[in-house]
Amino acid sequence: MDYSPHQLKTIIHSLFERIEYRDDHEVYVELRDVDESSYNAVFGER
């Protein structure tokens with residue numbers, strides 16, 4: 001599957017509660033509670 005950069009950004013932000021960019025290469029993320037229906041809406045059925 002190919003996603004546009006905008007779609008990828010939307011997917012990433014829908015999966016993570018908080019995204020912080022620290023220092024040069026460090027990224028801190030907090031994973032959201034993703035239920036199966038949200039997952040399926042983004043990625044399709046497994």
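The values are calculated or read from the model by the stated rules, or taken from the named source; none is laboratory data. Just so it is clear, the structure is predicted and the values come from calculations on it, not from any experiment. Quick reminder, even Gly has a Cβ in these numbers, built from the backbone with ideal geometry, and neighbours come from all protein chains shown.
Which of the following residues is over 13 Å from the mean Cα position of the chain (by Cα) and modelled with pLDDT under 80: Glu36, Glu26?
Checking each option against the conditions leaves just Glu36.
Could you count how many residues in the chain are of a type in the set (Lys, Arg) and touching a helix residue (DSSP H, G or I) at 6+ places or on another chain (Cβ under 9 Å)?
2
All but one of (1) of a type outside the set (S, T, N, Q); (2) in a loop (DSSP other than H, G, I, E, B); (3) in contact with a Phe, Trp or Tyr (Cβ under 8 Å, 6 or more places away or on another chain) hold for Tyr3; state the number of the condition that does not hold.
Evaluating Tyr3 over (1) of a type outside the set (S, T, N, Q); (2) in a loop (DSSP other than H, G, I, E, B); (3) in contact with a Phe, Trp or Tyr (Cβ under 8 Å, 6 or more places away or on another chain) leaves (3) as the failure.
Scan region 3-11 and give yes if some residue there is surrounded by 10 or more Cβ atoms within 10 Å (Cβ to Cβ), modelled with pLDDT of 80 or more and more than 12 Å from the chain's Cα centre (by Cα), otherwise no.
Within region 3-11, one or more residues are surrounded by 10 or more Cβ atoms within 10 Å (Cβ to Cβ), modelled with pLDDT of 80 or more and more than 12 Å from the chain's Cα centre (by Cα).
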